[in-house]
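Let me begin by presenting the structure, written as structure tokens, before commenting on it.
The values are calculated or read from the model by the stated rules, or taken from the named source; none is laboratory data. Just so it is clear, the structure is predicted and the values come from calculations on it, not from any experiment. Cβ: placed from backbone, ideal geometry, glycine included. Neighbour counts: every protein chain shown. Keep in mind that these areas ignore ligands, DNA and RNA; they rest on the heavy atoms of the full protein, side chains included. Shrake-Rupley method; radii C 1.70, N 1.55, O 1.52, S 1.80 Å.
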Amino acid sequence: MLRPGRRPSRLRVLAAGAALLLPLAGCSVFESGPEPSGLSSGDQEPPAGSEGLEPFYEQELEWSDCEAGECADLEVPLDWEDPDGETIEIAVNRTAAKGDAAGSLVVNPGGPGGSGVDYAAAADQIVGGSIRNNFDVVGFDPRGVGRSQPVDCVEDAELDDWMGRDPSPDDEAERAAAVDEATEFGKACEETTGELIGHVSTADVAKDLDVLRSALDDGKLTYLGKSYGTLIGSTYAGLFPDRVGRMVLDGVMPPDLTGTEGAIGQAKGFDTATKAWAKDCVEDDCPFGSSEDEVIEWVQDQLEELDEKPVGTGGGPELTEGWASVGIAQAMYDEGMWSQLTDALVSLDEGDGGPLMDLGMAYAGRDASGTYTSNIMEALPAVNCLDRGDDTDPQDWQEVADEVEAEAPIWGSFLAWESLSCATWPVEATGEAKTIDAKGADPILVVGTTRDPATPYAWAERLHEQLDDSALITHEGDGHTAYMRQNSCVDEAVETFWLTGELPEGKELTCD
């Protein structure tokens, strides 16, 4: 079976995203817009009822030049329940506005595990000219990610094995092996990362974000969250509604999403994207079949063969069924990569697994030398499992796989078995699925794409309905997230909101 996705309480959500990975960006045509106006002041004090947090809220960022622009460290408590205890440093960077800055736009690309520092450093690609002219673009690596005391589990060679593991155990022996692998991986994460492993939840990150908001001295938070970054944003809005400024959430992960809902929703999204790729391939004289069904069956056959016999890549790990599935998933995030996927599958048919392995390595943050330049594949389960956890008996996991696969036959099984980690995770969850209405917050702009593989459009609708005051932009299209993906309708609406606070008429807008 073709595969990717992820997660609940019975499973969990992979996120997206991008996002698992940073979304591919376009270039906004909205280079000049209205002058910024109406940006609100906000409270620079700790939340009411908090004790011992004043030193964190009163700190000033000391900026210095660095490769990513201007960099600084933000000090926060390791354990928010013990502000007098150990502290950690959060890596922050700033790409200064090209003109006079009206304030800061804080950005997060998703994950869990995506680097906000790297994302903000690419400011010219991730926001349009009108925003670059008027806002400092600020990114931070959430606790446990990248430069912010990263979660670490295993050596790179062992992570290769983890990524290449069997995503479709076929019998009791293989299923038992999958449980053992997940258990050992979780133990390694706990042993290597230490106390931090219990303090990397999204709620912890949202509290760090409020300290950053205060340190930037901008008043209310102006924010862009994509994919998992939307969960950070909605969690922040639930905790600090009076401190929400102009918040844009693009490619939504709803905070009340249960594990099973997340797994099924994302698997359906990847199914839809895979069918769209297959249809596009057929329309362009596809080498794998003359119909959508034939193309998908051909790919599934290749994965089954890789399950039996991996293929060489010209150096480095062999292309296993696991790595191949990850490579295919990478291409589903952006329709601009579909031709690359087709070419990679042609190479696979000719006995060369290298091009498909390249796609898989891009997804995992691994370079050709064998070095993982990102810890996203280790941070992902650490955050997800702390946010929701899973009390399903790992020995019963085939039932979970059957349930998800029944709803999404192409990607369901992969999604389920990739989500096994939270059923074996050694650290007890601290969060739970719950609705957030953010009553009292300024209006929040929600953006959803109708054929988004990783964060289905229905999830954007779901959050829009939950929030007390929000507007919804619907992008009719393919790919993960919508802003800065070469749709001027989306870009102009988002940037007008940041600059002026103006929402789409009737609080809903559809962009083709």
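With R₀ fixed at 22 Å, the C-beta to C-beta distance from T371 to C66 puts the FRET efficiency at about 0.60. The peptide list 160-168, 411-419, put in order of mean Cβ contacts within 10 Å with the highest first, becomes 411-419, 160-168. 3J(HN,Hα) along segment 423-438: 7, 10, 5, x, 10, 5, 5, 10, x, 7, 6, 7, 6, 10, 9, 6 Hz, from the Karplus curve 6.51 cos²θ - 1.76 cosθ + 1.60 with θ = phi - 60°, whole Hz, x for Gly and Pro.
Dipole size of the chain about its Cα centre, with +1 on Lys/Arg Cβ and -1 on Asp/Glu Cβ: approximately 1360 debye, rounded to the nearest 20.
Against the main long axis of the alpha-carbon atoms of the chain, helix 292-308 sits at an angle near 80°.
Cα gyration tensor of segment 397-482, axes a ≥ b ≥ c as square roots of the eigenvalues: rounded (a/c below 1.5), prolate (a/b > b/c) or oblate? It comes out oblate by the Cα gyration axes.
By average Cβ neighbour count within 10 Å, what is the ranking of 455-464, 135-144 from highest down? The partial results should precede the final answer.
Details: 455-464: 23.9, 135-144: 26.7.
Going from most to least packed, we get 135-144, 455-464.
Amide hydrogen proximity for I90: with H placed 1.01 Å from N in the peptide plane, the residues at 5 or more positions away or on another chain lying under 5 Å are L74, E75, V76. Put simply, the amide H of S470, placed in the peptide plane, has neighbours under 5 Å in I444, leaving out anything fewer than 5 places away on its chain. Does segment 271-425 classify as rounded, prolate or oblate by the C-alpha gyration tensor (a ≥ b ≥ c root eigenvalues; a/c under 1.5 gives rounded; else a/b over b/c gives prolate, otherwise oblate)? Judged from the Cα gyration tensor, segment 271-425 comes out oblate (a/c at least 1.5, b/c at or above a/b).
Compared with the dominant principal axis of the Cα atoms in the chain, helix 202-216 is inclined by about 40°.
Please state the shape class of segment 335-406: rounded when a/c is under 1.5, otherwise prolate if a/b exceeds b/c and oblate if not, all from the C-alpha gyration tensor. Present the calculation step by step, with values, prior to reporting the outcome.
Numbers: a/c = 2.68, a/b = 1.55, b/c = 1.72.
It comes out oblate by the Cα gyration axes.
Averaged over its residues, segment 363-512 has an accessible area of 36 Å² per residue, based on protein heavy atoms and a 1.4 Å probe. For the chain, the antiparallel share of DSSP beta bridges with both residues in that region comes to about 40%.
For the pair T430 and E476, label points projected 7 Å from Cα toward Cβ lie 4.5 nm apart.
Note on segment 109-179: dipole from Cβ charges, positive end direction compared against I131, P142, P112; the farthest Cα belongs to I131.
Computed from label points 7 Å out along Cα-Cβ, the spacing between E461 and E308 is 4.3 nm. Rounded to 0.05, the FRET efficiency of the E45 and D343 pair, given R0 = 45 Å and the Cβ-Cβ distance, is 0.20. Using a probe radius of 1.4 angstrom, the carbon and sulfur fraction of the accessible surface of the chain is 42%. Amide H contacts under 5 Å for V447: L249, D250, G251, I473, restricted to partners 5 or more places along the chain or on a different chain, H placed in the peptide plane at 1.01 Å from N. Heavy-atom accessible surface of segment 27-130, averaged per residue, reaches 48 Å², computed with a 1.4 Å probe.
As a test of the formula, what do you get for the chain when each DSSP H run with n ≥ 4 contributes -39,500 (n - 2.57) and the sum is divided by the residue count, at 222 nm and rounded to the nearest 500 deg cm²/dmol? All intermediate terms of the calculation are to be shown ahead of the outcome.
On the way: 19 runs with 211 residues, N = 512.
The per-residue figure over the chain is -12500 deg cm²/dmol.
Counting only Cβ charges, +1 for Lys and Arg and -1 for Asp and Glu, the dipole size of segment 244-349 around its Cα centre is about 580 debye.
Rank by packing, highest mean first: peptides 475-481, 304-310, with packing defined as the count of other Cβ atoms within 10 Å averaged across residues.
475-481, 304-310
Accessible area per residue for segment 220-317, computed on protein heavy atoms with a 1.4 Å probe, is 34 Å².
A simple rule links phi to the HN-Hα coupling: the Karplus curve 6.51 cos²θ - 1.76 cosθ + 1.60 with θ = phi - 60°, which for segment 493-498 gives 5, 5, 6, 4, 4, 4 Hz, with x for Gly and Pro.
Rounded to whole numbers, the Karplus 3J(HN,Hα) couplings from phi for segment 133-138 are 6, 10, 10, 5, 9, 10 Hz, using 6.51 cos²θ - 1.76 cosθ + 1.60 with θ = phi - 60°, and x at Gly and Pro.
Projecting the Cα atoms of T500, A48, I264 onto the dipole axis of the chain, where Lys and Arg carry +1 and Asp and Glu carry -1 at the beta carbon, places T500 farthest toward the positive end.
Placing +1 on the Cβ of every Lys and Arg and -1 on the Cβ of every Asp and Glu, with no other charges, gives segment 183-333 a dipole of roughly 1040 debye about its Cα centre.
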